[in-house]
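Student: Just dropping this structure here.
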Amino acid sequence: MSTQDYTDILHCPHCAAQEKGTLRLVKTDWLACQDCERQYPIVEGIPVMLPEEGDKWRGVAVDELPDIEEHNRFVSVAG
Ligand SMILES: [Zn+2]
């Protein structure tokens, strides 16, 4: 499955109940909700659609989102 396909089949977990939560791909490995501005990383090809991830990156400017390799490193250090 290509990354672009995720935007067709996935929705933001915060907004899906309202039949909203259309996602768009940003920076090749982030999915951004167009309705609430939460953003979800795609780690090793798998979108991490966890509400706490979305909250963490909500409203962060695209330019300030880490690339995923960096994000993984951060998570492994923090965890
Ligand atoms: Zn949303």
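Student: Please give the helix 68-78 orientation as an angle from the longest Cα principal axis of the chain, in degrees from 0 to 90, rounded to the nearest 10.
Tutor: Between the helix axis and the principal axis of the chain, the angle is about 70 degrees.
Student: Please list, in chain and number order, the residues 5+ apart from His11 or on another chain whose amide H is under 5 Å from its amide H, with Hs placed from the backbone.
Tutor: none
Student: Please name whichever of Gln39, Asn72, Thr28 sits farthest to the positive end of the charge dipole of the range 3-78, dipole taken about the Cα centre and charges placed at Cβ: Lys and Arg +1, Asp and Glu -1.
Tutor: Working it through, the farthest residue towards the positive pole turns out to be Gln39.
Student: Let me ask you something else. How do Ile46, Ile68 line up, fewest other C-beta atoms within 10 Å first? Each step should come with its number before you reach the end.
Tutor: Values: Ile46 9, Ile68 19.
Ordered from fewest to most neighbouring Cβ atoms within 10 Å, Ile46, Ile68 come out as Ile46, Ile68.
Student: Relative contact order for the chain using alpha-carbon pairs under 8 Å, separation at least 6, rounded to a whole percent? Before the final figure, lay out each step's value.
Tutor: Working: 105 pairs, mean separation 16.4, N = 79.
Answer for the chain is 21 percent.
Here, each number is a calculation from the coordinates, and none is a lab measurement. What you see is a predicted model, and the numbers here were worked out from it, not measured in a lab. Backbone-built Cβ (ideal geometry, glycine too); neighbour counts: all protein chains shown.
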